[in-house]
1. How many residues does the range 196-222 contain that are surrounded by fewer than 18 Cβ atoms within 10 Å (Cβ to Cβ) and either of a type in the set (A, V, I, L, M, F, W, C) or in contact (Cβ under 8 Å) with a residue 60 or more places away in the chain (or both)?
2. In the range 55-76, how many residues are among the polar types (S, T, N, Q) and farther than 24 Å from Glu91 by Cβ?
3. Restricted to the range 36-60, and to residues that are polar (S, T, N, Q) and in a loop (DSSP other than H, G, I, E, B), which residue is farthest from Arg270 (Cα to Cα)?
4. From the set of residues in the range 250-260 that are surrounded by 13 or more Cβ atoms within 10 Å (Cβ to Cβ) and not hydroxyl-bearing (Ser, Thr, Tyr), which is farthest from the chain's Cα centre (by Cα)?
5. Can you pull out the residues in the range 197-217 that are within 18 Å of Ser45 (Cα to Cα) and polar (S, T, N, Q)?
6. Can you name every residue in the range 161-189 that is more than 18 Å from the chain's Cα centre (by Cα), buried (at least 16 other Cβ atoms within 10 Å of the Cβ) and not small (Gly, Ala, Ser)?
7. Please enumerate the residues belonging to the range 191-209 that are of a type in the set (A, V, I, L, M, F, W, C) and within 20 Å of Ser254 (Cβ to Cβ).
8. Quick one: count up the residues across the range 247-294 that are touching a Lys or Arg at 6+ places or on another chain (Cβ under 6 Å), β-branched (Val, Ile, Thr) and in contact (Cβ under 8 Å) with a residue 24 or more places away in the chain.
Amino acid sequence: MSSNNATPILRGVLPVIPTLFSSENNIDLTAQKEVVAFALRHGASAVVCPAVASEYNFLSLEERKTLVSLVVDQVNDQVPIIGGASAKTVEEVVAAARDCLEFGITHLMIMAPQGLGKDIKKHQSFFTDVSSQIGSEARIILQNAPDPIGAGLDVDAIIELAKSNSKIAYVKEETLPSGPAISALNDSGIEHLIGVIGGGGSRYMIDELNRGALAAMPAVEIIDLHVAIYNAHSQGSHERARKLYRDSLPLLVSQLIYRMRLTKYVLNKRGITNDVVVRAPLPEMDDFTKQDIDVMLKDLEEVLA
C-alpha cells in the first residue's frame, strides 16, 4: 500500500480524522471508515491522522498504526495523507513516523513538545535527532500548538527552529494570535519552507488565509463549510467567504470547550454511526448543550452539504 503524498504542495482544507471508539472503548472500524469517506466526499484536499483531534496521546502505538492503515486503505491514493507522529520523546516520534513511512506517507506532522519548554536549543536537538532517523523522503510539518498541548513557541523561536532543519517543509501555527506569526513566517525567507498551515479549529481562518496560509487544518465535522469558505476566498469572493465564516463561528466556539466530544456528536447527527465515546478528559455535554448544538446545526442547513 502507498499514499500519493510525496510531491504535491498542501493546499485547501486538510481535516483531522478523529478516532471513533465503540462503547467498549475500542476503535470502531466501521465508523472510522465512514468518517474518512465523509471527509473525502465533502472536499478534503488531504486528511490528517492521528493528531490532537484524533486523541493521539490516548492511543497506543499499535492503535495509531491500525488507524493509519485503515485511513490509507480508505483514501486509496485519492488525496495526500498527513501522518501524525507527535509524541513526548524522540524514540516515540521515530516509531510513529516509521509506521507512517511504511505505508508510503511522507508528510509527517510533529509537534514541538510541551516537555521541552521554551528552550530552542532543546527543540533543535529534538528535531535534528528525529530527522536523522526517518529517511530522506520525509517532510516535516512542524506543529506549534499552545501550552499545555504543545510548547507554544514564539514566532522568532519557530523561525529559528525551521531554519535549522531542512526537513521542516511546513509550519502549522496554532498559538494566538496566529495571524502575525503566519505573516512573519511567510516573510522569513526560509528557502526550504513551502508554507504555513492554519490550525486552531479554523476559528481564525479568514485572517490566516488573508496572510497567505496555504491551507486550513480543522476538525472534520463541518468540513464542507470550511471547504466552501476556502473556495470562496480562493476565487476572490471575499464577501461570501466572510459570510460563510460567520456562519461557522457559533459551532466552533462551542467546539473550543467540548473539542472531540462535540466533533463526534455532530458527526453522529450528520450520519456517522459512532458511539460518541472519547478518551480525552473533556467536559460532558448535558441535554441543554446538545439542544443548543442541534439548533446551531439547523441554522447551518443551507450551507452544509
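FYI, it's all coordinate maths here, none of it is from the lab. Given the structure is predicted, the values throughout are model-derived calculations rather than measurements. Every residue, glycine as well, gets a Cβ built from its backbone with ideal geometry; the counts of neighbours run over all protein chains shown.
1. Here the count works out to 0.
2. Counting residues in the range 55-76 that are among the polar types (S, T, N, Q) and farther than 24 Å from Glu91 by Cβ gives 2.
3. Among those that are polar (S, T, N, Q) and in a loop (DSSP other than H, G, I, E, B), it is Ser60.
4. Out of the qualifying residues, it is Pro250.
5. Ser202
6. Answer for the range 161-189, where residues must be more than 18 Å from the chain's Cα centre (by Cα), buried (at least 16 other Cβ atoms within 10 Å of the Cβ) and not small (Gly, Ala, Ser): Leu161, Lys163, Asn165, Lys167, Leu185, Asn186.
7. Those that are of a type in the set (A, V, I, L, M, F, W, C) and within 20 Å of Ser254 (Cβ to Cβ): Met205, Ile206.
8. 1
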